[in-house]
Amino acid sequence: MRLLINGRALRQSPVTGVQRYARNMVAWLARLGVAFDVAGPAGRLRFSGHLWEQWTLPAMAGGYDVLFCPANLAPLRPSGRARVVVTLHSVAFAAVPDAYRWRFRRYYRWMVPRVLDRAAAVITVSHAERSRIVELYPQAAAKLTVVHHGVDEELFHPGRQEPARPYVLFVGPAGGLKNLSLALAAMERISPRVPHRLVVVGGPSAVLTGGRRWPEVPAALRRRVDFAGPIADTSRLAEVYAGADALLLPSRYESFGLPALEAMACGTVVVCSDLPALAELLGPAGVRVGRDDPQAWAEALESVLADPVRREALAAKSLGRAAEFCWRRCAERTLEVLRRAAES
């Protein structure tokens, strides 16, 4: 099998879950002994990256059996004999359209159904997301294969150093999709009774509504919220996960939940939205909150922070559940899809 990987995502920043998935697929396919080439655009990305993907990449793929596009989109032009395999991570742009800026939303709404028609095979990241894709694009059902993300167990593991002051962690970009406003409201309610601060890891987003700035911090939390910015160093990010008493994830939509998995692998308890993908990922671990109500979130979070015995029990369940996911298995299952596409 002659394999070409669309490497556009490897050069994108900031590094989100999609980019980290692409990097791990390249690394682990190589570790599995798979021969492949990576093609990527030169110079600055943004709009030129889209043009490269649609016009230059198809010509480059002509001599290959398979073109693997790991970051949602793929060229629509014919690529010679190459069969296109694409990983579609999320259809949140259609499920919660108000969370996205209109240009991004409109581009993805136009592109995604055409990419699905063009692809020989489509990978997605959870059974919950597969169901949502089929609901929106039933013609793609026969092409879809679920391959869960993984976690790097060499980096993400227990072994925390006790922080100077306990903290709760929030990981995600600015904008309404990850719902930092709800996290702040919950923390404000419990702040008189717990010593924890809130550490926010993430930065601005060019595609999310309201993604250019963080929401206003309530007066009661002004000295208890630390905006750490994006953390590109994965080993440093793992240390931040391991040091937290809980990860707070009040997302409006998740297709998988990589921050939740990485937190669980570090033995950090996850308090998250009761979304189908997160229920699939967490299993018996973590605490899920079914209402968009600050008081309900405050009670759920306090039940973890104020009870060390319960927190330790949930941490043990989290470690057991996280052990079921790894990047090697993700790469092996991805390779099976690529080989089937090459043989079809």
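Scanning for something in a loop (DSSP other than H, G, I, E, B), closer than 29 Å to Glu254 by Cβ, among the small types (Gly, Ala, Ser) and in contact (Cβ under 8 Å) with a residue 12 or more places away in the chain, does the stretch 46-68 turn up at least one residue? The answer is no; no qualifying residue exists. Can you tell me which residue in the stretch 127-148 is surrounded by the fewest Cβ atoms within 10 Å (Cβ to Cβ), limited to those that are of a type in the set (Ser, Thr, Tyr) and in contact with a Pro (Cβ under 8 Å, 6 or more places away or on another chain)? Result: Ser131.
Tell me whether the stretch 282-299 contains one or more residues that are hydrophobic (A, V, I, L, M, F, W, C), out of contact with any helix residue (DSSP H, G or I) (no Cβ under 6 Å at 6 or more places or on another chain) and closer than 30 Å to Lys143 by Cα. Checked against the condition, which is being hydrophobic (A, V, I, L, M, F, W, C), out of contact with any helix residue (DSSP H, G or I) (no Cβ under 6 Å at 6 or more places or on another chain) and closer than 30 Å to Lys143 by Cα, the stretch 282-299 yields at least one hit. Of all residues in the stretch 77-97, those being over 17 Å from Pro41 (Cβ atoms) and either among the aliphatic types (A, V, I, L, M) or over 19 Å from the mean Cα position of the chain (by Cα) (or both) number 14.
Sub-6 Å Cβ pairs linking a first residue in the stretch 9-21 that is within 11 Å of Ile231 (Cα to Cα) to a second residue that is not basic (Lys, Arg), at least 6 apart or interchain, are Pro14/Gly203; Pro14/Pro230; Val15/Ala232, ordered by first then second residue. Within the stretch 252-276, the set of residues being assigned to a helix (DSSP H, G or I) and of a type in the set (Gly, Ala, Ser) comprises Ala260, Ala263, Ala265.
Could you check the stretch 213-246 and list, in sequence order, the residues that are out of contact with any strand residue (DSSP E or B) (no Cβ under 6 Å at 6 or more places or on another chain), over 27 Å from Arg310 (Cβ atoms) and among the β-branched types (Val, Ile, Thr)? Across the stretch 213-246, the qualifying residue is only Thr234.
Evaluated against (1) at positive phi; (2) surrounded by fewer than 20 Cβ atoms within 10 Å (Cβ to Cβ); (3) not charged (D, E, K, R), Gly267 falls short on exactly one condition, (2).
Which one is surrounded by the fewest Cβ atoms within 10 Å (Cβ to Cβ), of the residues in the stretch 5-36 that are part of a loop (DSSP other than H, G, I, E, B) and within 20 Å of the chain's Cα centre (by Cα)? Taking the candidates together, the pick is Ser13. Within the stretch 95-122, restricting attention to residues that are in contact with a Pro (Cβ under 9 Å, 6 or more places away or on another chain) and closer than 24 Å to Ala342 by Cα, the residue that is surrounded by the most Cβ atoms within 10 Å (Cβ to Cβ) is Val115.
Any read-out appearing in this document is the output of simple, stated calculations on the displayed coordinates, not a laboratory observation. Computed from a predicted model, the values in this text were never measured in an experiment. Please note: Cβ atoms are built from the backbone with ideal geometry, for glycine as well, and neighbour counts cover all protein chains shown.
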